[in-house]
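Just below is one structure, and these are the notes that go with it.
The values are calculated or read from the model by the stated rules, or taken from the named source; none is laboratory data. Since the model is a prediction, treat every value here as computed from it, not as a measurement. A quick note on method: Cβ atoms are made from the backbone with ideal geometry, for glycine too, and the neighbour counts reach across all protein chains shown.
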C-alpha cells in the first residue's frame, strides 16, 4: 500500500463532539469524490464515528487524518485516528464483541473493525493509541 | 438544546430528525421527546430517520432507550424511514435493535400505531 503523495485530504483536530460531526462529513465527502458507493460511505463513516468518539471519550482529544492510497491496481482511503490518551491495556480484549468500559457503548472498537476492509491498532499504556482503517474501492 | 422539531398530531408526536446529531444533541432530543410525551399524554411516538445518514452505536442505543422509556410512559414508538444503507451498517455493527418497531415511512408508522392502539384498547376492555 502506498500513500499517495500530496494527497493528505483531511487533517482535523478532534476536541469535542462537534468535531466528530465535522470528521464524519469530511470523510464522507472524500469518499464520495473517490467514487465509493453510498453503502460503502455509510459503513465506513459509521466506523469513523465510533473511532472519533473513542478519542473524545478515552483521551479527551486527538487527531483524525485521511488520505487516498493506491495499491497496484486499486485505490482506497485510509483514515488514521491518533490520541495521546491512557492507551489500551489489552488490545485483543478491547476488540472482542461486547467489550465495554464504564463510559462507552461497548461496541465501538470491535464494531468499527467489522465495518471496514482493514483495521490496524497500536496502543501503548500511558502514551496513546493509533488506529488506522483502510477501505478499498471495488 | 437541539434544533429538532417535535410535532404533535392528536395523540401522536412525530419527530423528523433532519440534522446530523452529535451525542449530546441526541441525548437532549431524547429528553425533549420524553417531556413532550409527559406534557401531552401522547400514546404514540414516530421518530422519522429518513434524513439520517449515520446511525452509530451511540445514536442506535439512544433510539432503543427512548423507545423503552416512552413505553414506560404509555407511548408506543415507531422508527420510520431508516435508510437501507443504515440498516445494513447496523447489522455489520452488531447492534441489537430487535425491540424497535419500524416502518417504511411516517404514513406507515401512523397505520402501525393505530393498529397497536386498537390492540391496547382491546386489552384494557378485557
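One residue stands out among those in segment B:32-50 that are part of a helix (DSSP H, G or I) and more than 22 Å from residue B:104 (Cβ to Cβ): the one that is nearest to the other protein chains (Cβ to nearest Cβ), which is B:32.
Could you grab me the full set of residues in segment B:51-85 that are away from every other protein chain (no Cβ under 14 Å), assigned to a loop (DSSP other than H, G, I, E, B) and within 23 Å of residue A:21 (Cβ to Cβ)?
If we filter segment B:51-85 for residues that are away from every other protein chain (no Cβ under 14 Å), which is where we start, we get B:66-81.
Checking the rest, the ones that are also assigned to a loop (DSSP other than H, G, I, E, B) come to B:73-75, B:81.
Residue satisfying the conditions is B:81 alone.
Based on this model, can you work out whether residue B:98 counts as on the phi > 0 side of the Ramachandran plot and more than 11 Å from chain A (Cβ to nearest Cβ)? Outline the logic, then answer.
Numbers: on the phi > 0 side of the Ramachandran plot: no; more than 11 Å from chain A (Cβ to nearest Cβ): yes.
Here the answer is no, as residue B:98 does not meet what is asked.
Scanning segment B:1-50 for residues that are touching a helix residue (DSSP H, G or I) at 6+ places or on another chain (Cβ under 7 Å) and closer than 19 Å to residue A:17 by Cβ gives B:1, B:2, B:4, B:20, B:21, B:22, B:23, B:24, B:26, B:27, B:30.
When A:113, A:130, A:93, A:138 are checked against the criterion of being out of contact with any strand residue (DSSP E or B) (no Cβ under 6 Å at 6 or more places or on another chain) and either closer than 28 Å to residue B:86 by Cβ or modelled with pLDDT of 95 or more (or both), A:138 stands alone in meeting it.
Would it be correct to say that residue A:42 is touching a residue at least 12 places away in the same chain (Cβ under 8 Å) and buried (at least 23 other Cβ atoms within 10 Å of the Cβ)?
On the way: touching a residue at least 12 places away in the same chain (Cβ under 8 Å): no; buried (at least 23 other Cβ atoms within 10 Å of the Cβ): yes.
Criteria not met by residue A:42.
Scanning segment A:9-40 for residues that are within 14 Å of residue A:77 (Cβ to Cβ), outside any helix (DSSP H, G or I) and facing chain B (nearest Cβ under 9 Å) returns a single hit, A:37. Evaluating residue A:89 against the criteria (1) surrounded by fewer than 20 Cβ atoms within 10 Å (Cβ to Cβ); (2) more than 14 Å from every other protein chain (Cβ to nearest Cβ); (3) not in a loop (DSSP other than H, G, I, E, B) leaves one unmet condition, (3).
The number of residues in segment B:86-113 that are part of a helix (DSSP H, G or I) and either in contact with a strand residue (DSSP E or B) (Cβ under 8 Å, 6 or more places away or on another chain) or free of Cβ contacts under 8 Å to residues at least 24 places away in the same chain (or both) comes to 12. Checked against (1) without any contact (Cβ under 8 Å) to a residue 12 or more places away in the chain; (2) buried (at least 20 other Cβ atoms within 10 Å of the Cβ), residue B:77 passes all but a single condition, namely (1). If the condition is being in contact with a helix residue (DSSP H, G or I) (Cβ under 9 Å, 6 or more places away or on another chain) and more than 30 Å from residue A:47 (Cβ to Cβ), then segment B:68-126 contributes B:73, B:74, B:75, B:76.
Filter segment B:1-31 down to residues that are away from every other protein chain (no Cβ under 14 Å) and more than 19 Å from residue B:109 (Cβ to Cβ), then give me how many there are. Total meeting the criteria: 1. Consider residue A:48 carefully, then state whether it is touching a residue at least 60 places away in the same chain (Cβ under 8 Å) and away from every other protein chain (no Cβ under 13 Å). Answer is no for this residue. Against the condition touching a helix residue (DSSP H, G or I) at 6+ places or on another chain (Cβ under 8 Å), part of a helix (DSSP H, G or I) and at pLDDT below 95, how does residue A:43 come out, does it pass? Criteria not met by residue A:43.
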